[in-house]
Amino acid sequence: MAVFYRIRRAVGYALFRRIAGEVLRTPPLRIVDSPVRIVTQLHPRDLLLYLVAAKTFYPRLGHGRFVLLLDPDLDPAGRALLVRHLGGAVVFRRVAEVDTGRCRRGGTWERLVTCLDLARDHYVIQLDADTLTLGELPEVCEAVATNRPFLLGEGEPVVSCAEAARGPAVTASDATHVVDVAQRVLGDLPDAERLRYVRASSGFAGFDRAGGAGGRWLLEWFHGEMTARLGRRFAEWGSEQVASAFVLANRPEPAVLPWPDYATVTPAVPLARVRFAHFIGTWRFRRLAYPRLARRTLRRLHVPAAVP
């Protein structure tokens, strides 16, 4: 099975790069400046994926500027390519230069800290490179316009931490991922009946303009409480997702985007209904949905994408 997965992934990436390369033929974005900042942590291998994500998302939002966290850094040619396609509206930062304070490093924690720091003065949208915008996003536009945070959930509402810890998805004996393990101990937090949580991806999230500490104080408190309970387990990949969901759930009036209109794609998601798709590695190339949807999206951008 592992060999089959590696082969499918290799074929999928080759096909996607062939299709995504057509994004280089699209004109630069027309930037409308605003206080919105669109943040992505980018590895150089994902440059084409990111351009497809950014250039399909930005026209649906219509304004803002980009912030790219580079890990590792891009060469001058890569930076110049991004500046050209993003209409010159991009700021580059290096992950190694982000001060995470009392929080751990790695596992995209630098990205979360950056979003919260920027949210002191801006509305911030975290946009993963492995996303595609397939339709209109009125819920996102409304959240930005009204300065409400938003989350990419799984169809579940925001609940108290005490209630989240009792959920059937995390109390099952086979729920051993750090996201499940962390959710199980949320009920042990001080004031767990008042504090809130919702199971959500950090691949697409909106951080309201908060002023002051921008929520970082809550993040550092949560990191300390969870590390005290889980030790090294809360240093695993996925811990940042739990922290992001916790911080946003405890902001004023958080909006959980409707599912499956906005979805992390799994076999259970009806793709025909999806307007915003997040393709995580596990399911990214199942039935080649990712490259096929990318091709369709590029055609809507009036680009003759390559045919596989």
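All of the numbers you see were taken from the coordinates with simple rules; none came from a lab. This one's a predicted model, so the numbers in the text were calculated from it and none came from an experiment. Using ideal geometry, Cβ is built from the backbone for each residue, glycine included, and neighbour counts are taken over all protein chains shown.
Of note:
- Top-ranked residue of segment 183-235 - restricted to ones that are in contact with a Cys (Cβ under 8 Å, 6 or more places away or on another chain) and part of a helix (DSSP H, G or I), ranked as farthest from L248 (Cα to Cα): G187
- Count of segment 270-285 residues, restricted to those that are surrounded by 13 or more Cβ atoms within 10 Å (Cβ to Cβ), under 18 Å from the mean Cα position of the chain (by Cα) and either assigned to a loop (DSSP other than H, G, I, E, B) or at positive phi (or both), is 6.
- Of the strands (runs of 3 or more DSSP E) that lie entirely inside segment 11-100, those containing 2 or more residues that are surrounded by fewer than 20 Cβ atoms within 10 Å (Cβ to Cβ) and charged (D, E, K, R) span 90-94.
- Residue within segment 256-269 that is of a type in the set (D, E), under 18 Å from D180 (Cβ atoms) and surrounded by fewer than 20 Cβ atoms within 10 Å (Cβ to Cβ) present: no
- Counted residues, segment 213-246 - those being out of contact with any helix residue (DSSP H, G or I) (no Cβ under 7 Å at 6 or more places or on another chain) and either among the small types (G, A, S) or over 13 Å from D180 (Cα atoms) (or both): 11
- Residues in segment 236-269 that are part of a loop (DSSP other than H, G, I, E, B) and aromatic (F, W, Y) were compared, and the one that is nearest to G206 (Cα to Cα) is W259.
- Test: residue in segment 133-149 that is surrounded by fewer than 17 Cβ atoms within 10 Å (Cβ to Cβ), outside any loop (DSSP other than H, G, I, E, B), free of Cβ contacts under 8 Å to residues at least 40 places away in the same chain and among the hydrophobic types (A, V, I, L, M, F, W, C): yes
- Residue check for G107: among the small types (G, A, S), out of contact with any strand residue (DSSP E or B) (no Cβ under 9 Å at 6 or more places or on another chain), within 24 Å of R9 (Cα to Cα) and part of a loop (DSSP other than H, G, I, E, B): yes
- Those residues of segment 136-182 which are basic (K, R) and under 23 Å from S239 (Cβ atoms), in sequence order: R166
- Flag if A129 is in contact with a Phe, Trp or Tyr (Cβ under 7 Å, 6 or more places away or on another chain), aliphatic (A, V, I, L, M) and within 15 Å of L219 (Cα to Cα): no
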